[in-house]
Every structure is written in structure tokens, then in C-alpha cells.
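The values are calculated or read from the model by the stated rules, or taken from the named source; none is laboratory data. These numbers were taken from a predicted model, which means no experiment stands behind them. Here the Cβ positions follow ideal geometry from the backbone for every residue, glycine too, while neighbour counts run over all protein chains shown.
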Amino acid sequence: MRFDRLIKALLPRDDTFFTHFEKSTQYLIDACGLLRRLADSKPQDRPAIADQIHDLEHKCDMVTHQVFASLNATFVTPFDREDVHVLASALDDVMDYLDGSAGRFVLYKIKDCPKDMLNLIEILTSSVKEIHKGVVLVRDLDRPEMLQETLKKVNEYENKADAAFEQAIADLFENEKDPIQVIKLKEIYVGLETATDKCEDAANVLESILIKHA
Amino acid sequence: MRFDRLIKALLPRDDTFFTHFEKSTQYLIDACGLLRRLADSKPQDRPAIADQIHDLEHKCDMVTHQVFASLNATFVTPFDREDVHVLASALDDVMDYLDGSAGRFVLYKIKDCPKDMLNLIEILTSSVKEIHKGVVLVRDLDRPEMLQETLKKVNEYENKADAAFEQAIADLFENEKDPIQVIKLKEIYVGLETATDKCEDAANVLESILIKHA
Amino acid sequence: MRFDRLIKALLPRDDTFFTHFEKSTQYLIDACGLLRRLADSKPQDRPAIADQIHDLEHKCDMVTHQVFASLNATFVTPFDREDVHVLASALDDVMDYLDGSAGRFVLYKIKDCPKDMLNLIEILTSSVKEIHKGVVLVRDLDRPEMLQETLKKVNEYENKADAAFEQAIADLFENEKDPIQVIKLKEIYVGLETATDKCEDAANVLESILIKHA
């Protein structure tokens with residue numbers, strides 16, 4: 001046993017971090033639901049939905065700041081400080097890209113949400129739900145195989161998102177003749193794809209916690 | 001008091017970091033002034049001004065390298081090593097994006113600087129001036145409310161820059177019919193907006209120093 | 001001597017990291033050769049070559065994961081843990097951008113590789129070869145001037161790549177009249193240029209190791 005782990009094992013654990021992460025991943029699930037609704041809505045209804053997503057982004061931001069503040073104040077954390085930091089940042093990033101994509105969809109006055117984009121939103125939603133599960137499972141670490149399974153799914157969704165993204169961009173270049181439209185849609189696709197990347201970053205931290213504590 | 005802070009409180013402080021940061025933020029103020037002049041100049045006069053900005057970027061780079069070298073050599077720093085590192089990187093990034101935007105303005109042969117871009121340059125200039133104030137105030141930390149006020153302003157400028165950027169991009173898509181021009185201007189807008197983001201990163205480090213030492 | 005270095009000097013060294021880094025930089029050299037071949041090939045032959053590059057990316061990924069896993073498991077590393085981490089990440093990033101550029105070249109159905117792009121591939125290849133040399137030289141650190149020389153070359157290639165990139169983009173805007181083509185090629189140029197940036201990041205870590213241990 002490494003000396004720092006011995007020290008940690010002897011010290012009491014601080015469980016508030018788990019509660020924070022469960023909260024922010026729940027916000028992410030809610031935001032995905034809203035994003036899906038935004039894509040299906042009439043243009044005039046979209047700004048209000050984008051505002052709701054932006055509210056969730058704000059709430060998620062506040063949770064992230066609480067985590068960072070606690071990290072500075074707490075000597076004892078349930079896992080390595082660096083892991084807590086990277087996990088909080090990754091979850092915050094997922095929300096930022098999600099919110100940014102919704103905002104651009106409205107700002108750029110996209111008329112119809114392409115099928116490829118709906119597909120990407122669905123994959124992101126699935127990934128976010130697994131991340132939430134992972135964050136719940138990491139609290140007790142008493143079902144490591146189940147956590148492992150959850151993290152594997154996030155990786156699979158990331159690969160699916162990658163392929164869906166590449167296909168969407170190729171289709172866009174092939175079929176969309178208005179270059180301005182290409183620029184607009186491509187930027188939203190990049191935002192959504194980056195959000196799934198950040199889910200994978202979150203899963204990687206959870207995996208490293210699993211390895212260290214298993 | 002955490003043990004590492006106790007140790008730190010007992011050790012002498014190294015003040016050269018402050019001098020470095022005051023220098024690099026002064027370079028940033030100078031570069032903003034030049035950028036504003038570049039935007040107002042005739043095309044034929046712009047390359048010389050962009051070169052002057054690039055010289056400042058080079059000087060700022062040298063300061064950053066000195067900070068990193070000192071970090072490796074010095075056991076004692078006025079604040080956490082990680083904070084010094086992140087602050088130096090953020091200031092260096094502000095300069096890089098500023099310099100990159102000036103360079104692209106010349107390279108892409110932009111004819112007239114759009115009003116939205118002048119607006120963004122002005123917000124960046126205001127933010128950079130507050131960062132300089134913040135770096136001066138963090139040296140003694142004897143006027144925490146004044147530092148707090150300064151950092152609040154940086155955050156406000158960031159929000160203003162965000163809104164100005166979104167508006168600029170929406171206008172660009174709405175009114176600029178030449179897609180190549182859209183690509184060029186959008187890239188410069190992104191550079192300027194990212195520069196104000198990096199100012200906020202710098203302000204966040206200053207805030208965390210304030211919290212730890214207040 | 002700082003206390004942590006004293007501790008380190010008294011402990012045995014773990015040399016497997018060097019082997020990992022030599023392997024991944026060799027993959028990078030191979031990938032550069034394939035990228036060059038891809039650029040020279042007929043369109044119908046390109047997908048198979050891009051697949052080979054993607055296989056190398058996958059192998060490089062596995063090496064990176066091994067490094068990260070060893071970092072968590074090993075108390076003793078030949079250099080600072082943080083340096084090992086940053087170096088592994090930088091090498092992994094070089095491969096990702098290289099692989100991404102090859103993939104886009106195929107996906108976007110680029111007809112002819114522009115001369116400016118061949119030029120950038122050549123500079124990247126030279127830089128990658130120096131990084132491989134650097135990784136070999138850092139193992140023993142018995143020829144510090146030679147390592148220094150190698151790292152200086154990486155920096156020179158980075159500057160060359162910067163200039164080549166800027167010229168390529170300016171040419172693209174000047175001469176390519178199809179905006180969709182501009183978007184496609186620009187993205188590949190950015191990928192290649194970012195790959196050389198990441199080589200410089202790797203060189204910077206090697207330099208900091210050299211400074212600490214010289």
C-alpha cells in the first residue's frame with residue numbers, strides 16, 4: 001500500500017462530493033431532454049427552451065464552484081484531489097458544450113434539425129445517463145463489475161458518436177450547397193461531439209478511481 | 001491551518017513572481033492599444049503594427065519562461081506553485097490570442113474592421129486593464145475588497161464579451177454574403193473572444209489566491 | 001537539493017517508461033510515412049492507407065494507457081510523475097491529430113493534396129523524427145548537448161510549420177474559390193499544424209527534464 005493511501009485509509013471520508021456529482025449529472029440528463037425538445041420544436045418556441053438549458057448550465061456551474069471551493073477547504077476527500085478536480089471539470093464541460101450547442105441552434109436560426117443531429121443528441125443522452133449511473137456507483141464501489149460495465153458503455157457511445165459525427169460532416173459537405181449553412185451546422189455538430197468526448201473524460205476519471213480503490 | 005500553509009507561513013516569500021506578472025500584464029495593455037490602432041489604420045500601415053504586437057508577444061513569452069524556470073528552481077513561492085503556473089499560462093494565452101488575431105487581420109487582408117469587432121477589442125482592453133490592477137493588488141493583499149471588485153469587473157467584461165461575440169457572429173451570418181469573408185472574420189472574432197476567456201481564467205486564479213490568503 | 005529530489009535519488013529507477021515512449025514515437029514516424037504515401041496515392045487507394053494509420057493510432061493509445069496505468073501503480077518513476085503524464089499526453093495528441101487529418105482527407109474526398117500540405121507533412125515528419133531521438137537521448141541523459149540540439153530543432157520545425165501554415169491559409173483564401181473546399185482544406189491544415197504544436201509540447205517536457213536532471 002502506498003503511503004498516501006495508507007494515510008487516506010486512516011482518515012474519515014467526505015461524502016459531499018458524491019452528492020454534488022449526482023446533482024450535476026442529473027442536470028445533464030435534464031438538459032439533454034430539453035435539447036431533444038428544442039430540436040423537435042417550432043422555431044418560435046426554441047428561445048424559451050434554450051433559456052431553460054442555460055439555467056441548468058448556470059446551476060451546474062454553481063455546483064462546480066462548490067466542488068472547487070470544498071477541494072480547497074477540505075483536507076480529506078473520498079478520492080485523490082486531482083481526480084475530483086478533473087471529474088468536476090469534465091462534467092462542467094459536458095454542460096457547457098451542450099448549452100453552447102442549444103444556444104447556437106437558436107442564434108443561427110437553424111430551420112430544421114437534420115436527422116444526423118437528432119442521432120447525435122440521442123447518443124449524447126445515452127452517454128450522459130450512463131455517466132450519472134457511474135457517479136452513483138462510485139460512491140460505495142461495492143459493485144465494481146457494474147461500474148465497469150457502465151464505463152464500457154460510455155466508451156461505446158463515444159465511438160458511436162465519433163462515427164455519427166464523421167458521417168454527418170461528410171453528408172453535410174456532400175449535400176448542403178449553402179456554405180454558410182455548412183459553417184453553422186458544422187459548428188453545432190462539433191459542439192455535440194465534443195460533449196460526448198467530455199463524457200468519456202469523465203468516465204476515464206471514474207475508471208481510474210475504480211482501479212485505485214478496487 | 002493546513003500543514004502546508006503553516007510551513008509556507010514560516011518560510012520567506014519570493015516576490016519576483018509579482019514583478020513578472022506586472023510586466024506581462026503591462027505588455028498586454030500595450031498590445032491592446034496597438035490592436036486598436038491596427039483596426040483604425042490603413043491596410044498598408046497594418047503589417048508594421050502587427051509586427052510590434054508580435055514583438056510584445058515575444059517579450060511576454062520570455063517572461064513566462066522565466067516564471068516557469070523560477071518555479072522549478074524555487075522552493076518558496078508567494079502562493080501555491082500550481083496557481084503561479086496557471087496564472088502565467090493564462091496571461092501567456094491572452095497574449096497569444098491577441099497576437100494571433102492581429103496577425104490574421106493582416107494575413108487575411110481584411111479591408112474594414114467591423115463595428116462589432118471594434119466593440120470586442122474595447123471590451124478586451126478594459127478586461128486586460130483590470131487584470132493588471134488585480135496582479136498589482138495581489139502582491140500585498142492588504143486591500144482584499146478592492147481586489148474583489150477588480151475581479152468582479154473582469155467577470156462582467158467576460159459576460160459582455162460573450163454577448164458581443166454572439167451578436168457579432170449572428171450579424172455576420174445574417175449580413176455577410178461572401179462565405180470566405182464569413183470564415184475569415186469568424187476566426188478573428190473567436191480569437192478575440194477566447195482572449196477575454198483567458199482573462200477570466202487569470203481572474204479565477206487571483207480569486208483563489210485571495211480566498212486562500214484572506 | 002530539494003527534498004523530493006533527494007528521496008528520488010535514493011530510490012531505484014523504473015525504466016519501462018522509456019521503452020513506452022520509444023515505441024510510441026516509432027509509431028509516429030511510421031504514421032508520418034503513411035500520411036505522405038496517402039497524399040501521393042490515387043483516391044481509391046487512400047482509405048486502406050488511412051486505416052493503417054488508424055491502426056497505429058490504436059496501438060499508440062494502448063501504450064499511452066499502459067503509461068497512465070504504470071503511473072498509478074509505480075511509486076518510483078525516472079522523472080517527475082507530472083512530466084511523464086504530460087509527455088505521454090503530448091505524444092498521444094500528435095498521433096490523434098495526425099490520424100484525424102488522414103481520416104478527414106479521405107472522408108472529405110479531397111482530390112489532390114496541395115503543395116502547401118505536402119510541405120506541412122514534411123515538416124511534421126522531421127519534427128517527429130527529432131522527438132523520437134529526444135526520447136532515446138533522455139533515457140541516459142549522458143549527452144545533454146545532443147539532446148539540447150535535438151530539442152532546438154523541434155522548436156525550429158514548429159516555427160517553420162507556423163509560417164508554412166499561415167502561408168497555406170492565406171493562399172487558400174486567395175486562390176480557392178469554392179468555400180466548401182476552403183472549409184475542408186483549412187480543417188486539415190489546422191490538424192497538421194496542431195500536430196507540430198504538440199511535438200513542441202513534448203519537446204518542452206523533455207527540456208524541463210533535462211534542466212532538472214542536468
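In this structure, does A:Asp116 turn out to be charged (D, E, K, R) and farther than 25 Å from B:Glu207 by Cβ? Walk me through how you get there before you give the answer.
Working: charged (D, E, K, R): yes; farther than 25 Å from B:Glu207 by Cβ: yes.
Judged against the criteria, A:Asp116 is a match.
Please tell me if A:His85 is more than 17 Å from A:Val135 (Cβ to Cβ) and within 16 Å of the chain's Cα centre (by Cα). Show your work before the answer.
Details: more than 17 Å from A:Val135 (Cβ to Cβ): no; within 16 Å of the chain's Cα centre (by Cα): yes.
Taking the combined requirement at face value, the residue does not satisfy it.
For the list (1) among the β-branched types (Val, Ile, Thr); (2) at pLDDT below 95; (3) assigned to a loop (DSSP other than H, G, I, E, B), I need the number of the one condition that B:Thr19 fails.
If we test B:Thr19 against (1) among the β-branched types (Val, Ile, Thr); (2) at pLDDT below 95; (3) assigned to a loop (DSSP other than H, G, I, E, B), just (3) comes out false.
Return the residue satisfying two criteria in turn: it lies in region B:187-214 and is under 30 Å from B:Cys113 (Cα atoms) and β-branched (Val, Ile, Thr), and of such residues it is farthest from the other protein chains (Cβ to nearest Cβ). Don't jump to the end; show me each part of the working.
Here is the first cut: in region B:187-214, the residues under 30 Å from B:Cys113 (Cα atoms) are B:187-203.
From what is left, the residues that are β-branched (Val, Ile, Thr) are B:188, B:190, B:194, B:196.
On the way: B:Ile188: 12, B:Val190: 10, B:Thr194: 13, B:Thr196: 16 Å.
Among them, the one singled out is B:Thr196.
Within region B:66-181, considering only helices (runs of 4 or more DSSP H) that don't extend past its boundaries, which have at least 3 residues that are out of contact with any Ser or Thr (no Cβ under 7 Å at 6 or more places or on another chain) and within 12 Å of another protein chain (Cβ to nearest Cβ)? Outline the logic, then answer.
Numbers: elements: B:81-107, B:115-140, B:144-175.
Fully inside region B:66-181 and qualifying: B:81-107, B:144-175.
In region B:124-146, how many residues are surrounded by fewer than 24 Cβ atoms within 10 Å (Cβ to Cβ) and of a type outside the set (Asp, Glu)?
Going through region B:124-146 one residue at a time, the tally reaches 12.
Considering only region C:183-197, state which residues are hydrophobic (A, V, I, L, M, F, W, C) and either over 26 Å from the mean Cα position of the chain (by Cα) or under 15 Å from A:Glu187 (Cβ atoms) (or both).
Going residue by residue through region C:183-197, those that are hydrophobic (A, V, I, L, M, F, W, C) are C:183, C:185, C:188, C:190, C:192, C:195.
Answer for region C:183-197, where residues must be hydrophobic (A, V, I, L, M, F, W, C) and either over 26 Å from the mean Cα position of the chain (by Cα) or under 15 Å from A:Glu187 (Cβ atoms) (or both): C:Ile183, C:Val190.
From A:Lys198, A:Lys177, A:Lys160, A:Lys184, which residue is free of Cβ contacts under 8 Å to residues at least 24 places away in the same chain, at negative phi and basic (Lys, Arg)? Lay out the reasoning, then the answer.
Values: A:Lys198 fails: free of Cβ contacts under 8 Å to residues at least 24 places away in the same chain; A:Lys160 fails: free of Cβ contacts under 8 Å to residues at least 24 places away in the same chain; A:Lys184 fails: free of Cβ contacts under 8 Å to residues at least 24 places away in the same chain.
None of the other options fit; the residue is A:Lys177.
Look at C:Glu82 and say whether it is at negative phi and at pLDDT 90 or above.
Details: at negative phi: yes; at pLDDT 90 or above: no.
Here the answer is no, as C:Glu82 does not meet what is asked.
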